[in-house]
Amino acid sequence: MLAEWGLAELAEVAELLVSEITTNALRGSRALGQPLPSPIHLWLRADRLGLVIMVWDANPQPPIRKEAGHDAVSGRGLKIVEALSSRWGWYKPHDMGGKCVWCEIQAESQPMQHSAVSGQPRSSPDSRWLWS
Ligand SMILES: Nc1ncnc2c1ncn2[C@@H]1O[C@H](COP(=O)(O)OP(=O)(O)O)[C@@H](O)[C@H]1O
Ligand SMILES: [Mg+2]
């Protein structure tokens, strides 16, 4: 799909980020303890400047970036997201409950700019990614 969008160079990083964020969403959804975990939703949106990955799950608890020790086997996922994306964040959509965790990757032709708002609670992605 990314190749079709002319963003094949982002595929490897995108796969890793989708994997980290969807794994967290599945765990978040299971943590609600319902007999059947609720579905999660994944959206990919792209323009010529880059790609945004957005994942919704029904758990309202926010993602918490941990300071993982050197030998910790867990708690690295969001650090990877922070390192490989230009921005990431989460927000509570007003019409769905739960929360949406998102991250943005810039096309290689764009200079990598880590934004200061990264990981701030309740931050929405750039308005260009949002449905009007
Ligand atoms: N979608 C989510 N729903 C609820 N909690 C989350 C979600 N994503 C992340 N978290 C919280 O943030 C913590 C850190 O996530 P992460 O860095 O991926 O480490 P890990 O998944 O190995 O615990 C998780 O342990 C969890 O408490
Ligand atoms: Mg994780």
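Full extension of the segment from Arg48 to Ala107, taken as 0.36 nm per residue of separation minus the current Cα-Cα distance, would add 20.5 nm.
Only DSSP H runs of four or more residues enter the estimate; each adds -39500 (n - 2.57), and after division by the residues of the chain the mean residue ellipticity at 222 nm equals -7000 deg cm²/dmol. Across Met96, Met54, Met1, the residue with the most accessible area heads the list, and the full order at a 1.4 Å probe is Met1, Met96, Met54. Evaluating 6.51 cos²θ - 1.76 cosθ + 1.60 at θ = phi - 60° for every residue in the range 3-10, the Karplus couplings come out as 4, 4, 7, x, 10, 3, 5, 8 Hz, glycine and proline recorded as x. Ellipsoid fit via the Cα gyration tensor, the range 8-129: semi-axes of 23, 17, 13 Å, each the root of five times an eigenvalue, largest first. Dipole orientation for the chain: of the candidates Leu78, Ser109, Ala31, Ala31 has the Cα lying most toward the positive pole (charges on Cβ; Lys, Arg +1; Asp, Glu -1). Ranked by the mean number of other Cβ atoms within 10 Å per residue, highest first, peptides 39-50, 70-81, 18-29 order as 18-29, 39-50, 70-81. Computed from Cα atoms, the angle from the helix 11-30 axis to the main principal axis of the chain rounds to 20 degrees.
Relative contact order for the range 14-102: what percent, with Cα pairs under 8 Å and sequence separation of 6 or more? Relative contact order for the range 14-102 comes out at 28 percent.
The values are calculated or read from the model by the stated rules, or taken from the named source; none is laboratory data. Remember, predicted model here, so these are calculated numbers, not experimental data. When we count neighbours, we look across all protein chains shown, and the Cβ atoms used for this are built from the backbone with ideal geometry, even at glycine. SASA here: full protein model, heavy atoms, side chains in, ligands and nucleic acids out. Shrake-Rupley method; radii C 1.70, N 1.55, O 1.52, S 1.80 Å.
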